[in-house]
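The values are calculated or read from the model by the stated rules, or taken from the named source; none is laboratory data. As the structure is a prediction and not an experimental result, all values here were calculated from the model. Cβ coordinates were reconstructed from backbone atoms using ideal geometry, including for glycine residues, and neighbour counts include every protein chain displayed.
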Amino acid sequence: MGKPHPVELRERAVSLVEQGNTHTETARRLCVSIKFVNDMVRLRRETGSLAPKRQGNPGRGKLTGVTDWVQNRITAQPDLTIDEVAAELAAEHGVKVHRSSVGRLLLRLGLSHKKRLASA
């Protein structure tokens, strides 16, 4: 995902439109798309601000509601595999996710899931 346009450019676009220029003239003058100018005028009208919105994942996902359950389950039975945890999530909570999603959750929780050989 690219970086948002600077606030100064956003302000210049809205300012030119407010001075009476058309959206097409403003876009051509600032070397931006007409859609950008339309979006900035609409953003100023709706929010009163030209600050860019936060980019990226806001932290919501399928596993957000079951993180405590996963943590308790791994603590209670540390030899579970990621596939077993994914299967239990589907059976008990109706949450169908790929095993890689479960693995990323375990990493975020700080739970290592690497199998260790028993010492002889």
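None of Lys96, Lys53 is charged (D, E, K, R), touching a helix residue (DSSP H, G or I) at 6+ places or on another chain (Cβ under 8 Å), at negative phi and part of a loop (DSSP other than H, G, I, E, B) except Lys96. Of the residues making up region 40-52, those that are free of Cβ contacts under 8 Å to residues at least 40 places away in the same chain and surrounded by fewer than 16 Cβ atoms within 10 Å (Cβ to Cβ) are Arg42, Arg45, Glu46, Thr47, Gly48, Ser49.
Going by the structure shown, is Ser49 polar (S, T, N, Q) and either under 23 Å from the mean Cα position of the chain (by Cα) or modelled with pLDDT of 90 or more (or both)? Criteria met by Ser49.
Just one of the listed residues (Ser33, Ser15) is free of Cβ contacts under 8 Å to residues at least 40 places away in the same chain and touching a helix residue (DSSP H, G or I) at 6+ places or on another chain (Cβ under 8 Å), namely Ser33. Pairing residues of region 67-93 that are of a type in the set (Phe, Trp, Tyr) and crowded, with 17+ Cβ neighbours inside 10 Å with residues that are part of a helix (DSSP H, G or I) and at pLDDT below 90, at Cβ distances under 7 Å and at least 6 apart in sequence or on separate chains, gives no pairs at all.
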